[in-house]
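One structure below.
The values are calculated or read from the model by the stated rules, or taken from the named source; none is laboratory data. Just so it is clear, the structure is predicted and the values come from calculations on it, not from any experiment. All Cβ positions, glycine included, derive from the backbone under ideal geometry; neighbour counts span all protein chains shown. Accessible surface is based on the protein model in full, side chains and every heavy atom, while ligands, DNA and RNA are left aside. Shrake-Rupley method; radii C 1.70, N 1.55, O 1.52, S 1.80 Å.
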Amino acid sequence: MAKKIFIKTFGCQMNEYDSNRIYDSVKKIGFKKTDDQKNADCFVLNTCHIRDKAKEKVYHEIGRVKKIYKQKNKPIIVIAGCVAQAENQEMLKREPYIDIVIGPQSYHKINEVLKKFIPNEQKEETEFDTISKFEYFDKIENKGNKISAFLTIQEGCDKFCSFCVVPFTRGPEYSRPLGKILCEADTLIKNGAKEITLLGQNVNAYSYFENSKEYKLSDLIMELEKFTELKRIRYTTSHPLDMTDDLIECYKKSKKLVPFVHLPVQSGSNKILKLMNRKHTIEKYLSIYEKLKKINPIIEFSSDFIIAYPGETEEDFNYTMQLVKKIKFINSYSFIFSPRPGTVASNLKLIETKVAKKRLNLIQSELFSYQSSKNKMTENKIVNVLVENKIKNQNKFFGRTECMTAVIFDGEENIEGQIVPVLITNSNQNNLFGEIKLKKDIKAA
Ligand code: SAM
Ligand code: SF4
Ligand code: F3S
């Protein structure tokens, strides 16, 4: 009988992609994916190290798993992801319940490690071996069967922002060969994908050389454009420094690249950006915004903000507020600075929690109120929705607009994978609600 594997995934889309690739890999050695975490033979925690007590969260999760399996055989416990990479030996020493620690650039070894597993013999795999990893996974079909699929094209980061663990947990920048990416895209599309989100910690730094020619993200987008069955192309997460003119031009040239840009800025103050080692200024950021808006005025933006970075004064914070008021971002992420072990900013003097929380509240109420009013403005209008799935036990469907807003609506059977016009009748901060409009109704309206 097949052994069962359960993966609990934290963190970013890249972890989600990795978890699915781990499922694809372990199938070859007789493991079958299960959604029942109480009855697994192998329990994987795919962890994230980006903020707060990441390590403690993992130990807390292990405590929970221990309770679940108190009266049963213990599953093989695997800690994967960015905490595994950062903490490796430490974790094995502190928690004997852990069997395997495996870093994100060592997933090509997962089958070997599981095959050779011996109870009570802990194992660690945390080398940065990105090329071997992708060469290995290139040979294993991506079994994704989602309408909206993820495809990692680039890994790692060479930018070393002073607050960020990613260069330490994912290693140096690496871009996959263009041909391999297109092959994987082809498989995903054949398996039903209508939308592909290209992923990378610095996705727009994508750069692959073949026969002395450089292929960039803009080339990849134009190649993907050629797949007739593919309807939408997205990419995340990008850095302002790599937002080059050829990529900006894609918003004119491509018919499938969505008019939505997630472009993290972190702060509106040049002084703070410098302290963060972001390597871009607010003027640079605004010039990208202006260029994109000029090319296509309907492009919407979202961003990431770090609030109360050490040294942030009221004046610096007000610059961030000004930027938020100017650009009117949708769907942004904002968090209080969290010191991460091993980073340049880890030992800097923190801003008082009360002040940090007040600033976070202020920025979030501005961001959220714009998000709500933007959604409200969509009421009584028709939006194009890519239908991802039918909602369980309800006669409703779930999909997203081009700008990623979630839409829940009444529809008809068998519309998954189609882009349908939906009349928005209601909304809240995060969702739009409505009903599908048939072509005949639109004409009649
Ligand atoms: N590469 C992207 C970029 O340069 O903008 C960001 C990738 S990072 C995985 C995602 C987000 O996590 C960042 O944009 C940042 O806002 C947030 N983040 C990273 N380190 C953080 C920290 N120490 N404290 C709070 N937020 C953090
Ligand atoms: Fe982290 Fe992004 Fe900076 Fe790289 S560019 S260090 S991933 S925030
Ligand atoms: Fe977290 Fe690692 Fe992604 S730290 S955000 S899982 S790259």
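Count of segment 370-385 residues, restricted to those that are within 15 Å of Ile436 (Cβ to Cβ) and buried (at least 18 other Cβ atoms within 10 Å of the Cβ), is 2.
Just one of the numbered conditions (1) touching a strand residue (DSSP E or B) at 6+ places or on another chain (Cβ under 8 Å); (2) modelled with pLDDT of 95 or more is not true of Arg21; which one? Every listed condition holds for Arg21 apart from (1). The strands (runs of 3 or more DSSP E) located wholly in segment 1-81 that include 2 or more residues which are within 16 Å of ligand 1 (Cβ to nearest atom) occupy 42-47. Of the residues that make up segment 256-277, is at least one basic (Lys, Arg), over 24 Å from the mean Cα position of the chain (by Cα) and within 16 Å of ligand 1 (Cβ to nearest atom)? The answer is yes; a qualifying residue exists.
Scan segment 104-113 and tell me whether some residue there is open to solvent by less than 40 Å² (accessible area, probe 1.4 Å) and in a loop (DSSP other than H, G, I, E, B).
Narrowing segment 104-113 to residues open to solvent by less than 40 Å² (accessible area, probe 1.4 Å): 104-108, 110-111, 113.
After this cut, where a residue has to be in a loop (DSSP other than H, G, I, E, B) as well, the list is none.
No, segment 104-113 has no match at all.
Would you mind finding the one in Cys42, Cys48 that is buried (at least 19 other Cβ atoms within 10 Å of the Cβ), closer than 24 Å to Gln201 by Cβ and of a type outside the set (D, E, K, R)?
Details: Cys42 fails: closer than 24 Å to Gln201 by Cβ.
Unique residue meeting the criteria: Cys48.
When Ser427 is tested against the conditions (1) more than 30 Å from Gln364 (Cβ to Cβ); (2) touching a residue at least 24 places away in the same chain (Cβ under 8 Å), the lone failure is (1). Checking each residue in segment 343-387 for being touching a Pro at 6+ places or on another chain (Cβ under 7 Å), of a type outside the set (Val, Ile, Thr) and either within 14 Å of ligand 1 (Cβ to nearest atom) or within 15 Å of Ile330 (Cβ to Cβ) (or both) picks out Ala345, Ser346, Leu348, Leu350.
For every residue, the table says whether it meets (1) within 15 Å of His108 (Cβ to Cβ); (2) in the same structural domain as Lys109 (by TED's automatic domain parsing); (3) more than 23 Å from the chain's Cα centre (by Cα).
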| residue | (1), (2), (3) |
| --- | --- |
| Phe10 | no, yes, no |
| Gln13 | no, yes, no |
| Asp18 | yes, yes, no |
| Ser25 | yes, yes, no |
| Lys38 | no, yes, yes |
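State whether the residues of segment 399-416 include one that is assigned to a loop (DSSP other than H, G, I, E, B), touching a Gly at 6+ places or on another chain (Cβ under 8 Å) and outside the structural domain of Tyr289 (by TED's automatic domain parsing). No, every residue in segment 399-416 fails to be assigned to a loop (DSSP other than H, G, I, E, B), touching a Gly at 6+ places or on another chain (Cβ under 8 Å) and outside the structural domain of Tyr289 (by TED's automatic domain parsing).
State yes or no: is Ser287 out of contact with any Leu (no Cβ under 9 Å at 6 or more places or on another chain) and among the small types (Gly, Ala, Ser)?
Working: out of contact with any Leu (no Cβ under 9 Å at 6 or more places or on another chain): yes; among the small types (Gly, Ala, Ser): yes.
When the stated conditions are applied, Ser287 passes them.
If you go through segment 39-66 and keep only what is more than 16 Å from ligand 3 (Cβ to nearest atom) and closer than 19 Å to Phe10 by Cβ, you end up with Ala40, Cys42, Phe43, Tyr59, His60, Ile62, Gly63, Arg64, Val65, Lys66.
How many residues, within segment 311-338, are assigned to a loop (DSSP other than H, G, I, E, B), away from ligand 3 (no atom under 16 Å from the Cβ) and more than 15 Å from Lys358 (Cα to Cα)? Spell out how you get there, then give the answer.
First, the residues of segment 311-338 that are assigned to a loop (DSSP other than H, G, I, E, B): 311-313, 328-332, 337-338.
Then keep just the ones that are away from ligand 3 (no atom under 16 Å from the Cβ); that gives 311-313, 328-331.
With the extra rule that they be more than 15 Å from Lys358 (Cα to Cα), the set shrinks to 311, 328-331.
Looking only at that region, the number is 5.
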